[in-house]
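The values are calculated or read from the model by the stated rules, or taken from the named source; none is laboratory data. Note that this is a predicted model, so its numbers are computed, not measured. Note that we place each Cβ from the backbone using ideal geometry, even for glycine, and neighbour counts take in every protein chain shown.
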Amino acid sequence: AQKITQTQPGMFVQEKEAVTLDCTYDTSDQSYGLFWYKQPSSGEMIFLIYQGSYDEQNATEGRYSLNFQKARKSANLVISASQLGDSAMYFCAMREADNAGNNRKLIWGLGTSLAVNP
Amino acid sequence: DAGITQSPRHKVTETGTPVTLRCHQTENHRYMYWYRQDPGHGLRLIHYSYGVKDTDKGEVSDGYSVSRSKTEDFLLTLESATSSQTSVYFCAISAGTGVNSPLHFGNGTRLTVT
């Protein structure tokens, strides 16, 4: 079963509007971390934002915020005031505390492609 | 930006030849990873390292080996390249494996096996 699900293969948004990219996750751990990455067409993977399972407030980093709904197991990325440079693939990932030490790896979703229209 | 350099950035090779990809970091991070990225499969972990000479397999390790003789360098070797290993390969590093530890990625190597 998929532990990270990104249900939107592709999204469109008008420049200057806000957009929400969905991510749902599946874990039985109480302690875990959620991450979002951006991959523009140039190919690099850029870390955007992190949310911890015990964090009481939603994470924010500039125009990026994370709508964290723990009971629903969702960690949606919100991009405000979209810019043309936001056009990219966006990946959601999770790290669980369950596995010990060195085995604690990131679990990845398949990504959402975002196109920002001028 | 995290100091991670992958080389080469692009490589074309023939089936059956050995290929080595290099990852070099200047962050002195303990953990290093090799991923491959393919359409429809997302990022898949090949091998990872948790210290000098300490490595372990990921989910798609068949046909690949790794070595880490220094903290800063992590090498990925395709023993005998096959067309199914045509992919984009990413190296990543992290300071730890806590739930709050992100990975930071190199710029990737595009490998084509003909």
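Restricting attention to the range A:59-89, the residues that are closer than 21 Å to A:A115 by Cβ and either among the aromatic types (F, W, Y) or in contact with a Gly (Cβ under 6 Å, 6 or more places away or on another chain) (or both) total 2. Of all residues in the range A:11-25, those satisfying the criterion of being surrounded by 15 or more Cβ atoms within 10 Å (Cβ to Cβ) and assigned to a loop (DSSP other than H, G, I, E, B) are A:D22, A:C23.
Considering the range A:84-102, the residues that are at pLDDT 80 or above and assigned to a helix (DSSP H, G or I) include one that is farthest from B:A95 (Cα to Cα), namely A:L84. Just so you know, in the range A:103-118 the residues that are outside any loop (DSSP other than H, G, I, E, B) and of a type in the set (A, V, I, L, M, F, W, C) include one that is surrounded by the fewest Cβ atoms within 10 Å (Cβ to Cβ), and it is A:A115.
Take the range B:70-79 and flag every residue that is outside any loop (DSSP other than H, G, I, E, B) and in contact with a strand residue (DSSP E or B) (Cβ under 8 Å, 6 or more places away or on another chain). Explain how you work it out, then say what you get.
Pass one, the range B:70-79, residues outside any loop (DSSP other than H, G, I, E, B): B:70, B:73-78.
Once the filter is applied, which keeps residues that are outside any loop (DSSP other than H, G, I, E, B) and in contact with a strand residue (DSSP E or B) (Cβ under 8 Å, 6 or more places away or on another chain), the range B:70-79 yields B:D73, B:F74, B:L75, B:L76, B:T77, B:L78.
Entry remark, the range B:86-96: residues being surrounded by 21 or more Cβ atoms within 10 Å (Cβ to Cβ) and either closer than 24 Å to B:P18 by Cα or at the interface with chain A (Cβ under 7 Å from one of its Cβ atoms) (or both) number 5 in total.
For the range B:22-51, how many residues meet the condition of being within 14 Å of chain A (Cβ to nearest Cβ), under 19 Å from B:G108 (Cβ atoms) and assigned to a loop (DSSP other than H, G, I, E, B)?
Here the count works out to 5.
Just one residue in the set A:D22, A:D55, A:D29 is more than 14 Å from chain B (Cβ to nearest Cβ) and over 22 Å from B:I93 (Cα atoms); that residue is A:D22.
If you take the residues in the range B:52-69 that are over 12 Å from the mean Cα position of the chain (by Cα) and part of a loop (DSSP other than H, G, I, E, B), which one is surrounded by the fewest Cβ atoms within 10 Å (Cβ to Cβ)? This residue is B:D62. Name every residue in the range B:2-38 that is free of Cβ contacts under 8 Å to residues at least 60 places away in the same chain and more than 10 Å from B:Y89 (Cβ to Cβ), in order of residue number. Residues satisfying the conditions are B:G3, B:T20, B:R22, B:H24, B:T26, B:N28, B:D38.
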